[in-house]
There are 4 protein chains.
Amino acid sequence: MVIVMQRGASEQQIQKVIDRLIGDGFDVHRSTGVERTVLGVVGGKIVDTRDYELLDGVKEVVRITQPYKLSSRTFKPEGTTVDVGPVRFGSKEVVVMAGPCTVESREQVEAAAEAVAQVGVKIMRGGAFKPRTSPHSFQGMGEEGLRLLHDAAHRRGMYVISEVMDHTQIPMFLEYADILQVGARNMQNFNLLKELGKVQKPVLLKRGMSATIEDLLLAAEYIMTGGNHEVILCERGIRTFETATRNTLDLSAIPVVKKLSHLPIVVDPSHGTGRRDKVAPMARAAVAAGADGLLIEVHPDPDKALCDGAQSLLPAQFDALMSELQLIATAVGRTITH
Amino acid sequence: MVIVMQRGASEQQIQKVIDRLIGDGFDVHRSTGVERTVLGVVGGKIVDTRDYELLDGVKEVVRITQPYKLSSRTFKPEGTTVDVGPVRFGSKEVVVMAGPCTVESREQVEAAAEAVAQVGVKIMRGGAFKPRTSPHSFQGMGEEGLRLLHDAAHRRGMYVISEVMDHTQIPMFLEYADILQVGARNMQNFNLLKELGKVQKPVLLKRGMSATIEDLLLAAEYIMTGGNHEVILCERGIRTFETATRNTLDLSAIPVVKKLSHLPIVVDPSHGTGRRDKVAPMARAAVAAGADGLLIEVHPDPDKALCDGAQSLLPAQFDALMSELQLIATAVGRTITH
Amino acid sequence: MVIVMQRGASEQQIQKVIDRLIGDGFDVHRSTGVERTVLGVVGGKIVDTRDYELLDGVKEVVRITQPYKLSSRTFKPEGTTVDVGPVRFGSKEVVVMAGPCTVESREQVEAAAEAVAQVGVKIMRGGAFKPRTSPHSFQGMGEEGLRLLHDAAHRRGMYVISEVMDHTQIPMFLEYADILQVGARNMQNFNLLKELGKVQKPVLLKRGMSATIEDLLLAAEYIMTGGNHEVILCERGIRTFETATRNTLDLSAIPVVKKLSHLPIVVDPSHGTGRRDKVAPMARAAVAAGADGLLIEVHPDPDKALCDGAQSLLPAQFDALMSELQLIATAVGRTITH
Amino acid sequence: MVIVMQRGASEQQIQKVIDRLIGDGFDVHRSTGVERTVLGVVGGKIVDTRDYELLDGVKEVVRITQPYKLSSRTFKPEGTTVDVGPVRFGSKEVVVMAGPCTVESREQVEAAAEAVAQVGVKIMRGGAFKPRTSPHSFQGMGEEGLRLLHDAAHRRGMYVISEVMDHTQIPMFLEYADILQVGARNMQNFNLLKELGKVQKPVLLKRGMSATIEDLLLAAEYIMTGGNHEVILCERGIRTFETATRNTLDLSAIPVVKKLSHLPIVVDPSHGTGRRDKVAPMARAAVAAGADGLLIEVHPDPDKALCDGAQSLLPAQFDALMSELQLIATAVGRTITH
C-alpha cells in the first residue's frame, strides 16, 4: 500500500497516519519530497484502503499488491493441471465439454450422450437444477436429472459436470458429478464456496456477470483457502451496454488470467453469446486465444429444448465445429480432447 | 410477442412459425403488408423469444409484455404498503433504517443502538454474517451477533433488519430479525428466494450489481410466487465503468420502479457510494427523487470498524443528516420516520 | 508514481527501471523490503504508466497523482464562479436553464421563450445544429435557428446557451450564444476543445456517455490550458447495461466533482433519463445532491416536437417543477435562479 | 413498430393513437384481444418511439425494424468488398495493416516501414494527428508526419491508412492517405461523417467506446448516405467495468456484424487490449472468429515511443505473430494479406 499525503499536510497529520499504520502491523517507509510526502507501506494485515483514505491530510491510497494469494501466479509460477481421470485441464490438451443445457428426460439425455460420445467427448455437461431468471420458467428435474445424466454419461465412459446451486446440495452432487460447477450467479455465494473448499473433487467456477477478473480470482481463493486447489476458471460473458449478444464474451480474460494466475481457464461460448450461430466463431476464437477448454451446449432437438435451445448446437453442427477446432488447436500447438 | 418475418419469407416458413405458436398455446394475428408479414401473438405460455428468432424466415422477435406479474403495477395499480409494527414502507413516511455494517461486539452494537435510537430511528440494521469479497476479511459474528443486535434494538423499542445469506439460515433469522434482507450478491440465489416466499415476515431485496430493474422485479416475483407479498425493493448501486465511486447509485430506478411496480423502494447510499462524504448528498437526493426509505450505515467509531468503516457515518454526522432529510421530505410532501 | 517490483526481481532489472526513471526526469525513492522492492517516484514528465509496466521484473505501476491540474481543487482550493451577466454558476444560486431541444420555427421558439421567460428563466437553451444518431433524423435549422433563438431570448432579457458541433462553427456561435455548449459526443473532440480554449465566453462541457469523471476533468483541462477558465461541467447520464432509462444519470458525480475540482457542475435530467415523467424526480434529486444548475427541455407542444419531444416538459409541468425545486433549494440552503 | 395498449385503455385513447399514426403516414393493423389491444404499424416516416410511448393508454412501443438501411444485409445480401489497389477487404483475404501508433520522426517512420514491409505488409498505419486524453501528451507531428508516412510507405509499395480528426482536414488527407480512418472518439462526429460521404476513398470507421453495434451501423449509414459506400468497420474494444485491460475487445461483434451488415469488419487488438502481451492472442482470436483484417501497432523501438509504446509490438514479435496468423487463417479457410 502507498499513501500519498496532500500537499501541505501537517506533520501531525502525517504522524497520525503512521501511528495507525504501525498499529495495523505495517512497516512504513517515508519519502518526503519537495511537494508532498509519500508513505510506502509493507506487510501488516489486510485492510480496507478506504479507512486510510478518509484520514485528515491523506490525498490518495493505492493498493500495490493483489488481494488474492493462493490463486496467483506469484504464489505458484508454474501452471496448475486439474485432472479428471485421464483428462488434464491446463495441459497441452484443449478439453471440450458438451451436452444439453438441462436434463429433460431419459430419452433426451441418452440421445445427447450418444451424440457427444460419438464425436469423442470425454466430459458431458447437463443441468439438473436450473437458476432461471423467471420463477415461471422450467426449474430442472432435480436429483432424478442428475442420476439420468450420470448414467447416460458413465455408461459411455464419459465424466460428468453439473451445476450445484447451494451448499446443501454438495453431498448429492458428490455422488453423481465428477466436476462441480458454480454458476455465474453464485460466484459470490460465499457459503457455497467455503463448503466446496472442503471437497475432494474439481470445481469449475464461472465468472459472474459483473465480476472483474480480480473478483473471480478472489472467489477461487475462497475455495482454495478451504484446501481444495482443484479449481478451473470459466469465462462466460460479462454484462455490458451491448444488447446484440446476451452477454459480452471477454476473451481477453484468457491471457489476463494466464498472466495473473496458475489456474486453468475454459470458455463457455454458448452462454457467452446466447445464440447458436455465434457459438462456433467464438469457440474457435477462444481456442486461438489460448483457452484450456470449452463448455458447449448440444441438444438432440434444440427446437424442443426446455431451456436455452436457442444457444444449443445440433449434433451435426457440433461435429462440424469439432473439426474446425481441431485445426485451430493444431495452429496454436495444442490438441483437442473431446 | 410480435414476430417480424424477413422480407421475402416463404409462405411455408410463415406457416411453420404459426404452427409452432399455436402449439405453444398462442393466439396469432397475421398482418401481411407490402414489404413483410408481421405476426401478433397473444396468450400462451412463457417462452424464450430466441427459440422463435432462430426459425427460418424470422427477422426479429419482440417481447411485448413484462415477464413479471405479481410485482407489476398492472397487476395491482395501487401501491403496496409493507408494515413493520407501526412503521409503514410505501406510505407518506420515508423510513430511515440505520446501524453499523457489522455487529462486532456487545459494546459496539449497544453504542450504535443508543446513537441511532436517540435520533428516533425505528428500525436498526446490522450484519451478523458478512458476504466479503475476500476470504481473508472479517466474516461476521454469526448467530451471536444476531442475538446482540436483536437485544440492543428491541430493548430500545427498535425493530431489526439483517442480511440472510442462505436458505438454511432462515429459521434462525425468523427468531431475531423483523425484516430479512437479501444482499445484492444473492439477488438471484433462487433457492433462497423461493424459501423466503414461504415466510411471514417482510423481505428487503437488494438489486444485484449487474441486475436490470426487470431482473430485480423478477427476483421479487420469485418471493411473491411463494405467497409472501411483503417485499421491499432496494437500490444500492450498479457496476459501471466509473471507478470514482464504489458503485454507480442509479436513483432513476426510483421513478422507474414506481411506474412499473406497486412495491415500495428504498435506497442504500452507504453501499451505493462507498464513501462517507458522499452518503449525505445521495441520501438527500434519494428522498427528493421519491424513495420510500433509506438504509444508512452508522458506527460509533468508524475508524475501528471491522467492515466498511469508510462508508459509515459518525453518530453526530447521522444526526445532522436527519435534520437535512427532514427538510427535503417536507419539500416533497412527506415525513421522515426514523 | 509507484513501481512495485516482482518478488525476486534481479538487481539488474531494478537498476534498469531506475535508469529509465531518471532519464524521464524523476526523483526515485527506493524501499527494499524482505519480500520485494518498491520504487517511489516523484516529479518528471507525464508518462504512460504502461511503459514501465512492461519492463522486466516490474509487477505493477501505480499512478499517484491526477493527470489534470488546472481543473483540480488542489490547484485552486476555493470554488470557481462562472458569470453570465448577473447569473453566477457555482454560487449559492442554482441556475435553471430551459428551452426546447431544437429550434424548429420562429413560432415554436417564440412560444417556448415566452413560456420559460414567464417563470423567470434567465438562460434559454435550444439546439440549432443537432447531433442525431441517425442520418435520417431532423438535423436542425442551422444558423437561422441560432438567430431565431438569440432574438427570442434576448428580446426577453434572457441569455442563450446552444451546442457547437465543430471548431469551424465557433465564430458563428460567438455572435449568437452567451454560453457555448459541447455535447456528450464531442467531449473528446480535441480540436474543438482546443479552439474553445481561445474563446472569451463560458463553455458548458457535457460528460461523454462512456467518460469517467477523470476523463471529463481532462477534457476541461484542454479548454483551460488554452486560457479559457470559464468552464461549467455537466452530468447527463452514462451508458450502462440498464435499458429502462436512456442513460443512467450518475448523480454521485456531483459530490465527486465537488471534491476533485473547483469548477461548477450542472445536471441535464432531460437527456439523462430520456422520459418526461422521470425529469422532475431527477431534477429535484440533482438539486438535493448539490448541483449548481439544471438544463431542462421545455417545449410548447412536445407532441409535435421534431426532436426528443418525449423528454420535454410542457410549460405547465415546467412551472410546477420550478415550485418544487424552490422548496428543495431552500432545504439545502440555496436559491433557484431561473 | 408495434404499440401495445394498456389493459383497459379506452376506445378514445386507442383512437387518438391511431389518428396520430395515420398523421405520421403509417398503415395500422389493429388486433383486439381479450386482455388488450395491440397496434401493428407499417411504413410511415422515421419516428422517435418515445413520442408514442407517452400517449395516454399506451403501455409499450416496440420498434421492429432496424433504423439503418444502406449498411444492412437486408439491403444488400451479398458481402461488400472494399478495394485498395490489389488489396481486397471483405474477400477471402485477411488484411493485416501495421505500423507505429504515431509518426515521430523520419528515422522512426522509415525504420517502421522497413520492418513491416519486410514481412509483406501492404497497408501501413501511422498517426499524424493524435487524439490524446490529456492536453499534456504528445499531439502528433501534423501534416509533416503525414508526408513522412506517405513517403516511407509508398516508396516501399505500401498503401497508407491514417486517422483524420476533423472535416477540415479531409483535403489534406486525400493527398497523403489511401484509407481515411475515423477514430473511436469521432464515431459520432456527424459533420466529419457527412463530409466523408462525399469522398472517393475508403473510410475505416472505428466503433466508439460506448457505441452499440447498431450505433456503429448508423454511423456507417451517415457516410453511405452521402454516396461513399466504401466503408470498413473496426472493432477496437468497448468500455466496461473490467480494468485489467484498457478496453474489453468485443470479438462477438464480428459474427454479429456479419449477420446484420454486408460491410467488412476488421479488429484492432492493440487498442482493444492496450498491452503488448495481449495483442497476439487477441489477433489470433479475431482471425479465428472471422475478422476481415487487423490493425496492429508495430514500433521499431517501443520503449522510446511517444505514444502507446506499451501496446506496440517489436518487429520480431510482429514477424512471429504473422506466422501464427498464417496458420489460423488457413484453419478457417482464408489467407493472410500483409
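A compact table of results
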{"item": "Residue in segment C:211-222 that is among the acidic types (Asp, Glu), closer than 25 Å to residue C:91 by Cα and in a loop (DSSP other than H, G, I, E, B) present", "result": "no"}
{"item": "Residue count, segment C:243-285 (criterion: surrounded by fewer than 24 Cβ atoms within 10 Å (Cβ to Cβ) and acidic (Asp, Glu))", "result": "1"}
{"item": "Residues of segment A:2-28 that turn out to be at positive phi and at the interface with chain C (Cβ under 10 Å from one of its Cβ atoms), as a count", "result": "1"}
{"item": "Matching residues, segment C:261-301, being part of a helix (DSSP H, G or I) and more than 8 Å from every other protein chain (Cβ to nearest Cβ)", "result": "C:269, C:270, C:271, C:279, C:280, C:283"}
{"item": "Residues being more than 8 Å from chain B (Cβ to nearest Cβ) and either small (Gly, Ala, Ser) or open to solvent by 10 Å² or more (accessible area, probe 1.4 Å) (or both) - total across segment A:185-199", "result": "4"}
{"item": "Checklist (1) modelled with pLDDT under 95; (2) in a loop (DSSP other than H, G, I, E, B) applied to residue C:61, failing item", "result": "(2)"}
{"item": "Residues within segment D:236-260 that are touching an Asp or Glu at 6+ places or on another chain (Cβ under 9 Å) and assigned to a loop (DSSP other than H, G, I, E, B), tallied", "result": "12"}
{"item": "Any chance residue A:291 is within 23 Å of residue A:101 (Cα to Cα) and surrounded by fewer than 24 Cβ atoms within 10 Å (Cβ to Cβ)", "result": "no"}
{"item": "Residues that are more than 8 Å from every other protein chain (Cβ to nearest Cβ) and under 23 Å from residue D:311 (Cα atoms), drawn from segment C:64-78", "result": "C:66"}
{"item": "Long-range neighbours under 7 Å by Cβ, at least six apart or interchain, first residue under 21 Å from residue C:32 (Cβ atoms) within segment A:15-32, second open to solvent by less than 70 Å² (accessible area, probe 1.4 Å) and modelled with pLDDT of 85 or more", "result": "A:28/A:18; A:28/A:21"}
{"item": "Residue check for residue B:11: within 22 Å of the chain's Cα centre (by Cα) and not aliphatic (A, V, I, L, M)", "result": "no"}
{"item": "Only one of A:207, A:147, A:156 that is at pLDDT 95 or above, of a type in the set (Lys, Arg) and within 21 Å of residue A:258 (Cβ to Cβ)", "result": "A:207"}
{"item": "Pair list, Cβ < 7 Å and 6+ apart or interchain, from segment A:219-240 residues that are open to solvent by 10 Å² or more (accessible area, probe 1.4 Å) to residues that are part of a loop (DSSP other than H, G, I, E, B) and aromatic (Phe, Trp, Tyr)", "result": "A:239/C:241; A:240/C:241"}
{"item": "Residues located in segment B:302-338, provided they are touching a Pro at 6+ places or on another chain (Cβ under 9 Å), among the aliphatic types (A, V, I, L, M) and outside any loop (DSSP other than H, G, I, E, B)", "result": "B:310, B:313"}
{"item": "Segment B:94-123, residues that are closer than 19 Å to residue B:291 by Cβ and crowded, with 20+ Cβ neighbours inside 10 Å", "result": "B:94, B:95, B:96, B:97, B:98, B:99, B:116, B:121, B:122, B:123"}
{"item": "Criterion: acidic (Asp, Glu) and open to solvent by less than 10 Å² (accessible area, probe 1.4 Å) - qualifying residue of A:166, A:178, A:151", "result": "A:166"}
{"item": "Scan of segment A:45-93 for residues that are under 22 Å from the mean Cα position of the chain (by Cα), open to solvent by less than 20 Å² (accessible area, probe 1.4 Å) and closer than 21 Å to residue C:61 by Cβ, ordered by number", "result": "A:68, A:72"}
{"item": "Looking only at segment D:259-286, and only at residues there that are within 19 Å of residue D:66 (Cα to Cα) and out of contact with any strand residue (DSSP E or B) (no Cβ under 7 Å at 6 or more places or on another chain), the one that is modelled with the lowest pLDDT", "result": "D:259"}
{"item": "Neighbours by Cβ (under 7 Å, 6+ apart or cross-chain): first from segment D:122-149, farther than 18 Å from residue D:175 by Cα and away from chain C (no Cβ under 14 Å); second open to solvent by 50 Å² or more (accessible area, probe 1.4 Å) and not β-branched (Val, Ile, Thr)", "result": "D:122/D:159"}
{"item": "Criterion: among the aromatic types (Phe, Trp, Tyr) and at the interface with chain D (Cβ under 9 Å from one of its Cβ atoms) - qualifying residue of C:222, C:176", "result": "C:222"}
{"item": "Options D:156, D:132: the member that is among the charged types (D, E, K, R) and farther than 30 Å from residue C:70 by Cα", "result": "D:156"}
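Matching residues to (1) part of a loop (DSSP other than H, G, I, E, B); (2) away from every other protein chain (no Cβ under 14 Å):
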| position | (1), (2) |
| --- | --- |
| A:168 | no, no |
| A:181 | no, yes |
| A:201 | yes, yes |
| A:205 | no, no |
| A:234 | no, yes |
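Let's see how each residue does on (1) in a loop (DSSP other than H, G, I, E, B); (2) in contact (Cβ under 8 Å) with a residue 12 or more places away in the chain; (3) within 21 Å of residue D:303 (Cα to Cα):
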{"site": "C:52", "(1), (2), (3)": "no, yes, yes"}
{"site": "C:56", "(1), (2), (3)": "yes, yes, yes"}
{"site": "C:69", "(1), (2), (3)": "yes, yes, no"}
{"site": "C:74", "(1), (2), (3)": "yes, no, no"}
{"site": "C:78", "(1), (2), (3)": "yes, yes, no"}
{"site": "C:95", "(1), (2), (3)": "no, yes, no"}
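The values are calculated or read from the model by the stated rules, or taken from the named source; none is laboratory data. Bear in mind the structure is a predicted one, so any value in this text is a computation, not a measurement. Because the Cβ atoms are built from the backbone with ideal geometry, glycine has one as well, and the counts that use them run over all protein chains shown. What goes into the accessible areas is simple: the full protein's heavy atoms, side chains included, and nothing from ligands, DNA or RNA. Shrake-Rupley method; radii C 1.70, N 1.55, O 1.52, S 1.80 Å.
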